[in-house]
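One structure below.
The values are calculated or read from the model by the stated rules, or taken from the named source; none is laboratory data. Only a predicted model underlies this, so the values are computations on that prediction, with no experimental measurement involved. In this analysis, Cβ positions are derived from the backbone assuming ideal geometry, glycine residues included, and neighbour counts consider all displayed protein chains. Ligands, DNA and RNA are stripped out before the accessible areas are found, and what is left, the full protein with its side chains, is counted by its heavy atoms. Shrake-Rupley method; radii C 1.70, N 1.55, O 1.52, S 1.80 Å.
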Amino acid sequence: MKNRLLAHAITTRRTVRKALPTESMNALERTIGMAERGSSGQIRLVVEAAWPLLHVKHIGPRAQALQWFSELRVWDTEHNNGVLIYLLFAESDVEIIADRGFNKRIAPQQWETICRSMEARFVKGEFEAGLTEGINTIGDLLREQFPAEMAGNEQPDRPMIV
């Protein structure tokens, strides 16, 4: 718990911007747009720098990811196939929340594998590469499960840093 608190105390949005500068954010935005092509699915990326210290003791990354999923209305896509990638930067923890359209199609273990793969890249300081790899893998799943010739963009492709 002590290390976790320290990580949140020293991580700021500036820390995130150093690891994911404007060029990286632009590249991730393009990657999301490309990953969604050929499907009706939507991908949303939220990178949260850190939490207030009192928050750290009372909530976990999964619960916070669910909060963002709800707040950003990722669940509110036409085909119920939105996917939120949530990165808690202070802990290099990734959570993927997929809408109900995926429930019968993708096993939770598959999402977990994608998360752990991204986290392995983050340990090496490869934040853009890890996110790109995860986004592309999710894009493959979207095209496989929800193919579409022409789909509207129901969620912004631009990653959010909060």
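If you take just the helices (runs of 4 or more DSSP H) that sit entirely in the stretch 12-64, which of them hold at least 2 residues that are more than 22 Å from C115 (Cβ to Cβ) and free of Cβ contacts under 8 Å to residues at least 40 places away in the same chain?
Details: elements: 13-19, 22-36, 53-56.
Of the helices (runs of 4 or more DSSP H) lying wholly inside the stretch 12-64, those with at least 2 residues that are more than 22 Å from C115 (Cβ to Cβ) and free of Cβ contacts under 8 Å to residues at least 40 places away in the same chain span 13-19, 22-36.
Residues being at pLDDT 95 or above and either among the charged types (D, E, K, R) or part of a loop (DSSP other than H, G, I, E, B) (or both): count how many of those fall in the stretch 145-161.
Residues in the stretch 145-161 being at pLDDT 95 or above and either among the charged types (D, E, K, R) or part of a loop (DSSP other than H, G, I, E, B) (or both): 3 in total.
Going by the conditions given, is T77 within 24 Å of E112 (Cα to Cα), hydroxyl-bearing (S, T, Y) and open to solvent by 20 Å² or more (accessible area, probe 1.4 Å)?
Against the criterion (within 24 Å of E112 (Cα to Cα), hydroxyl-bearing (S, T, Y) and open to solvent by 20 Å² or more (accessible area, probe 1.4 Å)), T77 does not qualify.
For (1) closer than 14 Å to N81 by Cα; (2) open to solvent by 50 Å² or more (accessible area, probe 1.4 Å); (3) charged (D, E, K, R); (4) touching a residue at least 40 places away in the same chain (Cβ under 8 Å), each residue gets a yes or a no:
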{"position": "V123", "(1), (2), (3), (4)": "no, yes, no, no"}
{"position": "L131", "(1), (2), (3), (4)": "no, no, no, yes"}
{"position": "F146", "(1), (2), (3), (4)": "yes, no, no, yes"}
{"position": "N153", "(1), (2), (3), (4)": "yes, yes, no, yes"}
{"position": "R158", "(1), (2), (3), (4)": "no, yes, yes, yes"}
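Within the stretch 98-113, can one find any residue that is within 25 Å of R17 (Cβ to Cβ), touching a strand residue (DSSP E or B) at 6+ places or on another chain (Cβ under 6 Å) and open to solvent by less than 30 Å² (accessible area, probe 1.4 Å)? Talk me through it step by step, then tell me what you get.
Going through the stretch 98-113, the residues within 25 Å of R17 (Cβ to Cβ) turn out to be none.
Scanning the stretch 98-113 turns up no residue that is within 25 Å of R17 (Cβ to Cβ), touching a strand residue (DSSP E or B) at 6+ places or on another chain (Cβ under 6 Å) and open to solvent by less than 30 Å² (accessible area, probe 1.4 Å).
Out of (1) over 21 Å from D76 (Cβ atoms); (2) open to solvent by less than 20 Å² (accessible area, probe 1.4 Å), what's the single condition that is false for L141?
Every condition holds for L141 apart from (1).
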